[in-house]
Amino acid sequence: MSDQPRDPRTEVHRVAQPGAARVASYLAQPDEVSRVLLLYSGGLDTSVMLKWIQDEYDAEVVALTVNLGQPGEDYEVVKGKALQLGALDCHVVDAREEFAREYIAPAIKANADYGDGYPLFTALGRPLIAKLAVEYARRTGCDTIAHGCTGKGNDQVRIEATVATLAPELKVIAPVRSWQMGRDEEIAYARQHGIPVKGGTESAPYSIDDNLWGRSSEGKWIEDLSHAPDDDVFQLVTRPEVAPDEPEVLELTFEAGLPVALNGERMELVALIEAVAELGMRHGVGIVDHIEDRIVGLKVRDIYEVPAAAIILKAHRELERLTGTIHQNQFKPALDQKWAYLVYAGLWWEPLREDLQAYIDHVNRRVDGTIGIKLFKGSARVVTRESPNAVYDPQLATFSESGGLFSQNASPGFIELWSLQSALAHRMRARDSG
Ligand code: ARG
């Protein structure tokens, strides 16, 4: 870093210096960049990048925008903006179906949760986005993929690990990580180059990421751990205190571990997730105020709104417990946790993830049935369960006469053998301590 005062007009001319040591073989040197596939969201960072890459690298840019079900996005506007900023083309890919089927579905079967509250929506989306970037880069003759991640987050890990794994021939640039423009400098650059900046520019907004499976907010007061959430952060979920006074019960039906119907009506996964989210949002369900251990060493606070995941994962977990034995139920959470950690940590393509998946799928073959969940002012509580595969026999479990199927007289004999080693060990210790 120089000691010169920052001037946006010179500050931004910061292509990686030719000849500088490269810290990873997949990072592009300036002379290797001639056509770039840019992962484009239409926001400030990637819009500045679109222009900056053309100017600084003297390269062509093909934009790619991926629809993973982020609410309220107008893709025509995003595309128009990319073309106006000089992109050769802007491909908009509707990947909602694939996202639900190939990424969210396995996550449901794995009860995917990181750090007790984060259902991994961003972590699940990034490997798909990066895989599409690789496909479109190859298809459109690009040599380099550019993304807008900073150097402090997990998303750079997920995207670059995917590119390095799937496409060793492609290079990567991450301008936001290297150009050292602050927000004010980016806005100045945008102004200078006719890049429209939407919203107010006075203060930095929350940093948002969202898709079908949830929404995260970071930045602003969220970085102050002692600051309780301001109401304006909640853009999906109704605050529980103003949610309806009447509870609502929904029924989710699962087949082989995946939800297939809501209140008896069969739906495709994307539509079902959206419909469940709708109900959860209305009743204030799925707010998570989370402290997270990032891969890159930092501990960070996130505010999550995950109405669909909060309900669907709860129902799935319940049904899985009902259809599994005590041994399966004790074993699987450890594998689920490993699965979630690999995904969180950007290792979607790691073979161990698939190995775990095989076990998880096998267990889920029998996870069929219907779970009723009551939603009320922020809570989602299981109230009914029904499964043809429940490892449950009301005849056996009942407190009334069980008709000879379960011999209560046998229990004392079991207890004596069950506690035998503990009793012996206890006796030895008592002997030794005099
Ligand atoms: N903390 C979450 C994660 O690491 C959410 C990240 C949101 N990403 C973002 N670029 N704002 O997956």
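Between region 311-340 and region 114-148, what is the C-alpha centre distance in whole Å? The two parts, judged by their Cα centres, are 28 Å apart.
At full extension, GLU386 and TRP349 could sit 9.8 nm farther apart than now, given 0.36 nm per residue minus the alpha carbon distance. Comparing PRO119, PRO307, PRO351 in a Gaussian network model of the chain, where Cα atoms under 10 Å apart are tied by springs, the biggest mean-square fluctuation is seen for PRO351. In this label model, VAL300 and ARG35 are separated by 3.3 nm, measuring between points 7 Å along each Cα→Cβ vector. The slack between MET267 and GLN357, meaning 0.36 nm per residue of separation minus the straight C-alpha distance, is 30.0 nm. Between ILE371, ILE303, ILE326, the residue with the greatest mean-square fluctuation in the GNM of the chain (Cα pairs under 10 Å linked by springs) is ILE326. Under a Gaussian network description of the chain, with springs only between Cα atoms under 10 Å, the residue in TRP213, TRP179, TRP339 that fluctuates furthest is TRP179.
At full extension, GLU102 and SER419 could sit 109.5 nm farther apart than now, given 0.36 nm per residue minus the alpha carbon distance. Taken along its three principal axes, the alpha carbon spread of the chain comes to 86, 58, 45 Å, from the longest extent down to the shortest. Can you list the lysines whose alpha carbon is less than 30 Å from that of LYS81, not counting same-chain residues fewer than 8 positions off? Straight-distance partners of LYS81: LYS51, LYS131, LYS152, LYS171, LYS198, LYS220.
Of the beta bridges in the chain, as assigned by DSSP with both residues counted there, near 65 percent are antiparallel. Within region 284-301, list the residues whose amide N lies under 17 Å from a label point set 7 Å along Cα→Cβ of HIS227. Within reach of a label on HIS227: 289-292, 300-301.
Among DSSP beta bridges whose residues both lie in region 25-127, state the antiparallel percentage, nearest 5.
10
Taking the solvent-accessible surface of protein heavy atoms with a 1.4 Å probe, what is the per residue accessible area of region 108-244 in Å²?
With the other protein chains kept in place, region 108-244 gives 41 Å² per residue.
For LYS332, the lysines whose Cα falls under 18 Å of its own Cα, not counting residues fewer than eight places away in the same chain, are LYS109, LYS314.
Compute the signed sum of charges (Lys and Arg +1, Asp and Glu -1) over the other residues within less than 10 Å, Cβ to Cβ, of GLY86. Combined, the nearby Lys, Arg, Asp and Glu give -1.
With a/c under 1.5 counting as rounded, go ahead and sort region 265-385 into rounded, prolate or oblate using the C-alpha gyration tensor (a ≥ b ≥ c being the square roots of the eigenvalues; past the cut-off, prolate if a/b is larger than b/c, else oblate). Oblate, since a/c reaches 1.5 and b/c is not below a/b. Backbone N atoms of region 385-421 closer than 17 Å to the 7 Å Cα→Cβ label point of THR325 belong to residues 389-393.
The values are calculated or read from the model by the stated rules, or taken from the named source; none is laboratory data. Remember, it's a predicted structure, so these values are computed and weren't measured experimentally. FYI the Cβ positions are ideal-geometry reconstructions off the backbone, even for glycines, and counts take in every protein chain you see. Note: areas computed on protein heavy atoms with side chains; ligands, DNA, RNA excluded. Shrake-Rupley method; radii C 1.70, N 1.55, O 1.52, S 1.80 Å.
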